[in-house]
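Okay, structure first, notes after.
The values are calculated or read from the model by the stated rules, or taken from the named source; none is laboratory data. This one's a predicted model, so the numbers in the text were calculated from it and none came from an experiment. Cβ placement follows ideal geometry from the backbone for every residue including glycine, while neighbour counts extend to all protein chains displayed.
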Amino acid sequence: MTRPSDAELDRLRIIAEEVCEVMAGEGFTVDGAANQHKAFKRTRATVSTLEQNLVISAAERGARIAGMHPDATGTGLDIKSWDDGIARRYRPKKAEVTAAGEDRMVCGAGSSLLKSGDEDMMWIEESWVLGYRLNDDHTVVDFFAAEIIGHEENAAGPVHLKLGTHYSLMPTPAPLGFVSSDEELDLGDADEEGQREVG
């Protein structure tokens, strides 16, 4: 396993910030779209697809802002980088939490996430996920990067991914009680004693 450089993690945080902002500002549109027809609410598949499309669109935009290389992969997205001599491929992917509190991710047996590099490549490309978890209101509750270090075959269903160290990418919120130091703020008229007039 390798650790992304600080510069790489900063680039990934730009992607995370873009996704968080989009889901905070536009996540409500998911419910609006899903409510257009009762058939859309038979399963959660419609909502999941709409959420995924919003996240992928935001991640692609964030990757371009960060100077990384987004590459569409069917319904998904790979974000490629070359960091300190290491090729990495990051894929935004929703994480579910198990009863034990661990992140759970699955993929199909033929997924490119299970392959390292390409036969024509001169190097091995690491596969990583940009894992995210969403609240019921479709806002982001967690966003992290983790290397795919293996997988567990499941004869009855999808492949379970094994993830390495999680690197949190969540934007740091402004501290509580934050007050601007801008002396030019207009706080209203003040009387001669420097108190704000009331009434």
Log entry, pairs with first residue in segment 10-26 being of a type outside the set (Asp, Glu), second being crowded, with 22+ Cβ neighbours inside 10 Å and part of a helix (DSSP H, G or I), beta carbons closer than 6 Å, six or more apart or on different chains, reads Ile14/Gly62; Ile15/Ala59; Ile15/Gly62; Ile15/Ala63; Val19/Val55; Val19/Ala58; Val19/Ala59; Val22/Ala58
For Ala33, the lone unmet condition from (1) touching a Phe, Trp or Tyr at 6+ places or on another chain (Cβ under 9 Å); (2) in contact (Cβ under 8 Å) with a residue 60 or more places away in the chain; (3) farther than 25 Å from Gly150 by Cα is (2)
Here the residues within segment 1-24 that are exposed (fewer than 15 other Cβ atoms within 10 Å of the Cβ) and over 15 Å from the mean Cα position of the chain (by Cα) are Met1, Thr2, Arg3, Ser5, Asp6, Ala7
Only one of Ser127, Ser180 is under 22 Å from the mean Cα position of the chain (by Cα), hydroxyl-bearing (Ser, Thr, Tyr) and either surrounded by 10 or more Cβ atoms within 10 Å (Cβ to Cβ) or modelled with pLDDT under 90 (or both), namely Ser127
